[in-house]
Amino acid sequence: FKTCPGRVLCKLPCSGEKEVDLAVQSAKAAFKIWSQMSGMERCRVMLEAARIIREQRDEIATMETINNGKSIFEARVDIDISWQCLEYYAGLAGSLAGEHIQLPGGSFGYTRREPLGVCVGIGAWNYPFQIACWKSGPALACGNAMVFKPSPFTPISVVRLAEIFTEAGVPKGLFNVVQGGAATGQFLCHHPDVAKISFTGSVPTGMKIMEMAAKGIKPVTLELGGKSPLIIFSDADLENAVKGALMANFLTQGEVCCNGTRVFVERKILDTFTKEVVKRTQKIKIGDPLLEDTRMGALINRPHLNRVQGFIKQAKEQGAEVLCGGDLYVPDDPKLKNGYYMRPCVLGNCKDDMTCVKEEIFGPVMAILPFDTEEEVVERANATKFGLAGGVFTRDIQKAHRVVAALKAGMCFINNYNISPVELPFGGYKSSGFGRENGRAAIEYYSQLKTVCVEMGDVESVF
């Protein structure tokens, strides 16, 4: 692989209705085999897939960097999280069980945790390989098959995951990949043999998927957008809070759904905090994402770069001050001149009613907002249609727990931000979606309970 900014990497045909049906039928056949295997048998296959990913970490990370534009440093972290996810669910596969309930007269009941069938995963372009593992890990552990559609902007690395699952020993067709855009997604959602849909992406698309799934009474998991608050109290460790704000805004060029892009700073430390954040932001190394010291690569494509630039222009028109960045960046290397680079941006003088504060930008743009009291900042933090994440920096542990308890968000951080342990559930409130990825909670969304009632005596009839 070589970095090819602004140039076509490959061309893939979109999967039409026929191809989608072939993928679903293939997965349906594989499901019959996989679902009858014991949890320990599934565990061994998934551990082998995790081992292959771990051994090929650098190769897959390079592929992901080419696929997405993020730095190789970040891509390696994504791949590590991916194999850890498969290991985690491999460990759970052998422990999935129902429960026994004693009833009167020696009778009893029990529950069985059963797979759903063929599940559909629809991924986003910011974490292509990792999202595919987050969805396939619990799905396969529970005994399901999966048909996965990556974003058309990042079609490559998920194909490698399908190959790895095959190498590890899953039944042929258990994890299938189809390529395409909205039309392909519609064919998947409407297919009568699809049992469940898990989608990561924008709110408008999530709404459409929910509508389509409703026609077939299909359960859905929706992991959608965010405009998350990051609250910095004056008693916080300033150095730690600054690092947290950078982590909350500039990973993957700011293209992260749970980013803490509304940075609320207690007024008494506003100037000190802002000065330090601007200084650190200006030092972020931008450029060739395959270089080891690069910390910010290229945005996903030209239309998205233009969209982010449009938000910054509008912010200035509405009175925000660009404290640093926001302009296009042209690396010294002439091979990168057509890349979609921009300098990370920090906005000051922001107000809650500005578009840049209300709408998800999905780019490297941080908005700083002052606050005076805890009660005030909690109310302002919750004044959004989104509810994916939130963060608090303070040395007062009682205040920290009090504030996160009041935040209407599904994933909260105290004195850190944007870490993704696979052991912990991930998902949102309100328009940020519902259902959960990761942790034991995901098992609930990829399985169903069957209740069995056993009578040990004569049937008591009312007739």
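Would you be able to tell me the number of residues in segment 422-444 that are within 16 Å of the chain's Cα centre (by Cα) and open to solvent by 40 Å² or more (accessible area, probe 1.4 Å)? Show your work before the answer.
Taking segment 422-444 and keeping what is within 16 Å of the chain's Cα centre (by Cα), we get 422-429, 431-439, 441-442.
Now narrow it down to the ones that are open to solvent by 40 Å² or more (accessible area, probe 1.4 Å): 423-425, 429, 431, 434, 436.
Of the residues in that region, 7 qualify.
For the structure I just gave you, tell me whether Val158 is open to solvent by less than 10 Å² (accessible area, probe 1.4 Å), β-branched (Val, Ile, Thr) and without any contact (Cβ under 8 Å) to a residue 40 or more places away in the chain. I'd like the intermediate steps shown before the answer.
Working: open to solvent by less than 10 Å² (accessible area, probe 1.4 Å): yes; β-branched (Val, Ile, Thr): yes; without any contact (Cβ under 8 Å) to a residue 40 or more places away in the chain: yes.
For Val158, the condition - open to solvent by less than 10 Å² (accessible area, probe 1.4 Å), β-branched (Val, Ile, Thr) and without any contact (Cβ under 8 Å) to a residue 40 or more places away in the chain - is met.
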- Determine the pairs where a residue that is over 16 Å from Lys172 (Cα atoms) and open to solvent by less than 100 Å² (accessible area, probe 1.4 Å), located within segment 10-23, has a partner that is assigned to a loop (DSSP other than H, G, I, E, B) and of a type in the set (S, T, N, Q) with Cβ atoms under 7 Å apart, the partner being 6 or more residues away or on another chain. Leu12/Gln179; Cys14/Gln179; Ser15/Gln179
- Every listed condition ((1) open to solvent by less than 70 Å² (accessible area, probe 1.4 Å); (2) farther than 29 Å from Gly387 by Cβ) holds for Asp293 save (1)
- Do we have any residue at all in segment 237-258 that's in contact with an Asp or Glu (Cβ under 8 Å, 6 or more places away or on another chain), under 27 Å from Ala389 (Cα atoms), open to solvent by 10 Å² or more (accessible area, probe 1.4 Å) and aliphatic (A, V, I, L, M)? yes
- Message: Kindly evaluate Leu388 against the criterion of being touching a residue at least 24 places away in the same chain (Cβ under 8 Å) and touching a Ser or Thr at 6+ places or on another chain (Cβ under 7 Å).
- Response: yes
- So which helices (runs of 4 or more DSSP H) stay within segment 197-303 end to end and still have 1 or more residues that are in the same structural domain as Lys149 (by the TED database)? 203-215
- Note on the structure: Conditions (1) closer than 17 Å to Asp193 by Cα; (2) touching a residue at least 60 places away in the same chain (Cβ under 8 Å) -> Gly69 fails only (1)
- Query: Got a sec? Which of Phe187, Phe153 is over 22 Å from Asp80 (Cα atoms) and in a loop (DSSP other than H, G, I, E, B)?
  - Reply: Phe153
- Item | Matching residues in segment 382-406 - criterion: being in contact with a Phe, Trp or Tyr (Cβ under 9 Å, 6 or more places away or on another chain), open to solvent by less than 50 Å² (accessible area, probe 1.4 Å) and assigned to a loop (DSSP other than H, G, I, E, B) | Phe386, Gly387, Leu388, Thr394
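Go over the candidates Glu74, Glu59 one by one and state the one that is surrounded by fewer than 18 Cβ atoms within 10 Å (Cβ to Cβ) and at pLDDT 95 or above. Steps first, answer last, please.
Details: Glu74 fails: surrounded by fewer than 18 Cβ atoms within 10 Å (Cβ to Cβ).
It is Glu59.
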- Given the conditions (1) free of Cβ contacts under 8 Å to residues at least 12 places away in the same chain; (2) touching a helix residue (DSSP H, G or I) at 6+ places or on another chain (Cβ under 8 Å), and given that Gly123 satisfies all but one, which numbered condition is not satisfied? (1)
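The values are calculated or read from the model by the stated rules, or taken from the named source; none is laboratory data. Since we're looking at a predicted model, the values are computed, not measured. A quick note on method: Cβ atoms are made from the backbone with ideal geometry, for glycine too, and the neighbour counts reach across all protein chains shown. SASA here: full protein model, heavy atoms, side chains in, ligands and nucleic acids out. Shrake-Rupley method; radii C 1.70, N 1.55, O 1.52, S 1.80 Å.
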